[in-house]
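Trainee: One structure, as structure tokens, below. Some questions next.
The values are calculated or read from the model by the stated rules, or taken from the named source; none is laboratory data. Just so we're clear, the structure is a prediction, and the values are computed from it rather than from any experiment. Here the Cβ positions follow ideal geometry from the backbone for every residue, glycine too, while neighbour counts run over all protein chains shown.
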2 protein chains.
Amino acid sequence: MATKKVISENGVGERAQYFLKVLIERYIRDGQPVGSRTLAKDAGMDLSPATIRNVMCDLEDLGLVASPHTSAGRIPTVTGFRMFIDSLLTVQRLQAGEIERIRTELAYSGDAGNLLTSASQLLSGVTHMAGIVTVPRRERTAFRQIEFLPLSENRVLAILVTNDGEVANRILNTHRDFTRLELDQAANFLNHSFSGLEMEKVRSRVLEELNAARESFDQTMAQALEMAGEVVDASAPHEDCLIAGQTNLMEFEDLASLQQLRKLFDAFAEKREILHLLDQFHNADGVQIFIGEESGFQMLNGCSIVTAPYQVDEDVVGMLAVIGPTRMEYERVIPIVDVTAKILGAALKNR
Amino acid sequence: MATKKVISENGVGERAQYFLKVLIERYIRDGQPVGSRTLAKDAGMDLSPATIRNVMCDLEDLGLVASPHTSAGRIPTVTGFRMFIDSLLTVQRLQAGEIERIRTELAYSGDAGNLLTSASQLLSGVTHMAGIVTVPRRERTAFRQIEFLPLSENRVLAILVTNDGEVANRILNTHRDFTRLELDQAANFLNHSFSGLEMEKVRSRVLEELNAARESFDQTMAQALEMAGEVVDASAPHEDCLIAGQTNLMEFEDLASLQQLRKLFDAFAEKREILHLLDQFHNADGVQIFIGEESGFQMLNGCSIVTAPYQVDEDVVGMLAVIGPTRMEYERVIPIVDVTAKILGAALKNR
DNA sequence: TTTGGCACTCGATATAAAGGAGTGCTAACA
DNA sequence: TGTTAGCACTCCTTTATATCGAGTGCCAAA
């Protein structure tokens, strides 16, 4: 039997969706199960609680809301939140003042590393949650320059400068002593060969040429390449992220079990899993939202992640994220993350 | 009237002190107020609970123990703990195996930074509390070498190497373009003048010579000195510390109020206050113990810090600390911190 | 389709009673 | 004089019980 109510493709009546939206908005504000009476008022449609109750039943059958116990109101389920986020959300525009604040705060931070730190702190400060920024992956950045400095016998300081202005250095223990001249020559050769290449390419080319040099017994070149390889390799696992405002998360009653918090904080300290998670969204463009339970990591239960990639010269170089309770003000957080990503990208370009 | 009981200079009978010791040891184990019956058993002196009660009264009058309420046992006060730590503690010797573990774990970590990270992780791992290591202060380390590399127009990469193998780099925006030769000459001059000097001295000498150079209109030298000054200054506030295992502290019921924990974790994130605190003990030698309430920082209420300086070539270069609940096993933690400090110092020397 | 009514559930809150650990004090004992 | 047993008392903890109220589900009527 065809019903008269307007059914969207996911099988939920339009009015029911509206109630779901109002319910979730209320739940986000209060953190309390929402009862039919409250919802009737909030919806502003002059309907009686009883009517609402009927709709709630439908929503519960669809798995979009649930009640913690018989005589409590309803709280949204993960699927409910998902639907809310995907199709019900009305994102606020950020006020001009806020945009300005972000812009100025990012404008006055020094070098690249500092800028990223500022960005994560900014995110956490504005949202009162935890802010995360992944640092640009070395693979995507390009080789600019390498230099070797003699330190003491058999020790050489290698300095690698990349296109984005990052500097990595590493002390090499060499088999024999090198003169300053030799080192300069080696650096010259390497700079000449690799300048401008992506680090990933540099890595493979170094290996190729190293083999070639060995075959032709070109000692000098082989040694130069060996050293270069060591530096490039060592600077590779630089993949990392900056997290700020973790302690803000302690304020949310939703996450307040120490059990839960500890797991979360351990993940922050470890970082690996967080990075891995964010990497999944690396190729999406624009803001993505991600509900903890969907990840399978139980440390993220009760949390959501709002994330966006940031770009330099059209290339996505890193991710930016805010992590907080699933019950967060998405309408406010989403534009913040979005704008910050754009401004950060622009700021990184100017250096 | 002279009493027969042996009174030590602090006005506490020897036997009473013994009971205090037993009480605190018990309290450290259980975290529960200790009653007279329990204490009678633990003391192993075949005395009745009633006798113990009399002694407890005395200890309470002296402010060494307190009862949370009428019908609970006694818990040590801060002063009680202080006395325990200062004169009652019997420190265990570390088992040879444990020493070996520390030694090997520190032996296989790479460069200096890595070594310090390992040390803090080691401390937290072995004690199940938070481990802290302050990184050597730049002032105490000596200038070894400076180099300048041209990056692009008006940008120069400056690299500063110190005696302890640390490398600091900074990108300078210069007024005009420099040739490679000019930069090399500047570096040569600086290396020649300052090599081996303590950073603190370098800082002041740079200023002196800068003035001299300006007076004599020696442009080249003035510019070199200006750049050097910028690098030295920038690398100065490198004072920092590494903290590991913070989340371990969430397991202790003593600190489990979120209020309390948040303040503590904020302090960890900020680091400044922690550093300031540890600096107070910088000149003490050997292990120092420090009860949170004594500091005035209320974030440390309920905590104690066990700290020891570590030395390279007779010079104290940094501090090492474990932070945990005041109710911690000092007998075990003290030798761990002590030994780790020594091994860390030795490990740093060999590089 | 909406609404009012009604019985019912169940958490939250309050109150009371029982149990028990531990104290302080007193008086007796070695 | 130090030590001990005895005893009344305190106060936390646990358990049971009752009450309140928010909210539900369902039914019958509008």
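Trainee: Quick one: in region A:170-193, which of the residues that are without any contact (Cβ under 8 Å) to a residue 24 or more places away in the chain and closer than 30 Å to A:Gln311 by Cα is farthest from the other protein chains (Cβ to nearest Cβ)?
Mentor: Across region A:170-193, the extreme among qualifying residues is A:Ser193.
So that you can scan it fast, the table gives a plain yes or no per residue for (1) within 14 Å of chain B (Cβ to nearest Cβ); (2) more than 7 Å from DNA strand C (Cβ to nearest atom); (3) at pLDDT 95 or above:
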site: A:Val34; (1), (2), (3): no, yes, yes
site: A:Leu39; (1), (2), (3): no, yes, yes
site: A:Met45; (1), (2), (3): no, yes, no
site: A:Val55; (1), (2), (3): no, yes, yes
site: A:Glu60; (1), (2), (3): no, yes, yes
site: A:Val65; (1), (2), (3): no, yes, yes
site: A:Ala72; (1), (2), (3): no, no, no
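Trainee: Name the residue, out of B:Gly63, B:Gly11, B:Gly73, B:Gly97, that is touching a residue at least 40 places away in the same chain (Cβ under 8 Å) and under 30 Å from B:Thr307 (Cβ atoms).
Mentor: Result of the check over B:Gly63, B:Gly11, B:Gly73, B:Gly97: B:Gly11.
Trainee: Something else about it: Condition first: touching a residue at least 24 places away in the same chain (Cβ under 8 Å) and of a type in the set (Ser, Thr, Tyr). Now tell me which residues in region A:124-167 satisfy that.
Mentor: A:Ser124, A:Thr127, A:Thr134, A:Thr141, A:Thr162
Trainee: Got at least one residue in region A:262-275 being at pLDDT 90 or above, away from chain B (no Cβ under 14 Å) and outside any helix (DSSP H, G or I)?
Mentor: no
Trainee: Report, by residue number, each residue of region B:82-106 that is β-branched (Val, Ile, Thr), assigned to a helix (DSSP H, G or I) and surrounded by 11 or more Cβ atoms within 10 Å (Cβ to Cβ).
Mentor: Those that are β-branched (Val, Ile, Thr), assigned to a helix (DSSP H, G or I) and surrounded by 11 or more Cβ atoms within 10 Å (Cβ to Cβ): B:Ile85, B:Ile99, B:Ile102.
Trainee: Could I ask something else about it? Please determine whether any residue of region B:156-169 is within 12 Å of chain A (Cβ to nearest Cβ) and either over 38 Å from the mean Cα position of the chain (by Cα) or among the charged types (D, E, K, R) (or both).
Mentor: yes
Trainee: In this structure, does B:Glu208 turn out to be over 30 Å from B:Cys303 (Cβ atoms), of a type in the set (D, E, K, R) and in a strand (DSSP E or B)?
Mentor: Taking the combined requirement at face value, the residue does not satisfy it.
Trainee: Every residue in region B:231-254 that is at pLDDT 85 or above and not in a loop (DSSP other than H, G, I, E, B), please.
Mentor: Result: B:Cys241, B:Leu242, B:Ile243, B:Ala244, B:Gln246, B:Thr247, B:Asn248, B:Leu249, B:Met250, B:Glu251, B:Glu253, B:Asp254.
Trainee: Being assigned to a helix (DSSP H, G or I) and aliphatic (A, V, I, L, M) is the filter; apply it to region B:157-199 and report the residue that is surrounded by the most Cβ atoms within 10 Å (Cβ to Cβ).
Mentor: Looking at residues that are assigned to a helix (DSSP H, G or I) and aliphatic (A, V, I, L, M), I get B:Leu190.
Trainee: Quick one: which residue in A:Phe281, A:Phe290 is of a type in the set (Phe, Trp, Tyr) and either assigned to a strand (DSSP E or B) or crowded, with 22+ Cβ neighbours inside 10 Å (or both)?
Mentor: A:Phe290
Here's the yes/no breakdown for (1) closer than 16 Å to A:Gly302 by Cα; (2) loosely packed, with under 15 Cβ neighbours inside 10 Å:
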{"residue": "A:Arg29", "(1), (2)": "yes, yes"}
{"residue": "A:Asp61", "(1), (2)": "no, yes"}
{"residue": "A:Val65", "(1), (2)": "yes, no"}
{"residue": "A:Gly80", "(1), (2)": "yes, no"}
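Trainee: So, one more: Of everything in region A:145-155, what is surrounded by fewer than 21 Cβ atoms within 10 Å (Cβ to Cβ) and either under 23 Å from A:Val202 (Cα atoms) or at the interface with chain B (Cβ under 10 Å from one of its Cβ atoms) (or both)? Give them in sequence order.
Mentor: Within region A:145-155, A:Gln145, A:Pro150, A:Leu151, A:Ser152, A:Arg155 meet the criteria.
Trainee: Would you mind stating whether A:Asp254 is more than 10 Å from chain B (Cβ to nearest Cβ) and either loosely packed, with under 15 Cβ neighbours inside 10 Å or farther than 25 Å from A:Glu329 by Cα (or both)?
Mentor: Taking the combined requirement at face value, the residue does not satisfy it.
Trainee: What is the number of the single condition among (1) surrounded by fewer than 16 Cβ atoms within 10 Å (Cβ to Cβ); (2) within 14 Å of chain B (Cβ to nearest Cβ) that A:Ala142 does not meet?
Mentor: Only one criterion in (1) surrounded by fewer than 16 Cβ atoms within 10 Å (Cβ to Cβ); (2) within 14 Å of chain B (Cβ to nearest Cβ) is unmet by A:Ala142, namely (1).
Trainee: With the condition being out of contact with any strand residue (DSSP E or B) (no Cβ under 7 Å at 6 or more places or on another chain), within 8 Å of DNA strand D (Cβ to nearest atom) and farther than 20 Å from B:Thr326 by Cβ, I'd like the helices (runs of 4 or more DSSP H) fully within region B:10-73 carrying at least 2 qualifying residues.
Mentor: Ranges flagged: B:49-61.
Trainee: Scan region B:122-156 for residues that are part of a loop (DSSP other than H, G, I, E, B) and within 29 Å of B:Thr340 (Cα to Cα) and jot them down.
Mentor: Answer for region B:122-156, where residues must be part of a loop (DSSP other than H, G, I, E, B) and within 29 Å of B:Thr340 (Cα to Cα): B:His128, B:Met129, B:Val135, B:Pro136, B:Arg137, B:Thr141.
Trainee: Given the structure, is A:Thr326 free of Cβ contacts under 8 Å to residues at least 40 places away in the same chain and of a type in the set (Val, Ile, Thr)?
Mentor: no
Trainee: Test A:Ala168 against the criterion of being among the small types (Gly, Ala, Ser) and closer than 28 Å to A:Asn114 by Cβ, and give yes or no.
Mentor: yes
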